[in-house]
Amino acid sequence: MSEFIKIKIITPERVLFEGEVEKYTVKSSGEVGDFEVLPGHVSMATTIGLGRIKLYLTDGTENTSKKKL
């Protein structure tokens, strides 16, 4: 099993991110609410409301959306 997660974040306008991460968190005001995905999680596709996404990149750095998506 890979220790990283393949993720693709898509908006109606464009692909915001596509690559591998250690984990990611979503803080959302939509139906789904807040959640975190770790390696080994089942594949999922979901919509989210306005919120912030934090990516924990494979090089050990973090990337947080600067504005609510």
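The values are calculated or read from the model by the stated rules, or taken from the named source; none is laboratory data. Remember, predicted model here, so these are calculated numbers, not experimental data. Glycine also receives a Cβ, built like all others from the backbone with ideal geometry; neighbour counts cover every protein chain displayed. For accessibility, only protein heavy atoms count, side chains too; no ligands or nucleic acids. Shrake-Rupley method; radii C 1.70, N 1.55, O 1.52, S 1.80 Å.
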Mind listing whichever residues of region 16-59 are open to solvent by less than 60 Å² (accessible area, probe 1.4 Å) and farther than 14 Å from Ile5 by Cβ?
Leu16, Ser28, Gly30, Gly33, Gly49, Gly51
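Might you check whether a residue that is touching an Asp or Glu at 6+ places or on another chain (Cβ under 8 Å), among the aliphatic types (A, V, I, L, M) and modelled with pLDDT under 90 occurs anywhere in region 27-45?
No; the residues of region 27-45 include none that is touching an Asp or Glu at 6+ places or on another chain (Cβ under 8 Å), among the aliphatic types (A, V, I, L, M) and modelled with pLDDT under 90.
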Out of everything in region 60-69 that is at pLDDT below 85 and over 11 Å from the mean Cα position of the chain (by Cα), what residue ends up being least open to solvent (accessible area, probe 1.4 Å)?
Leu69
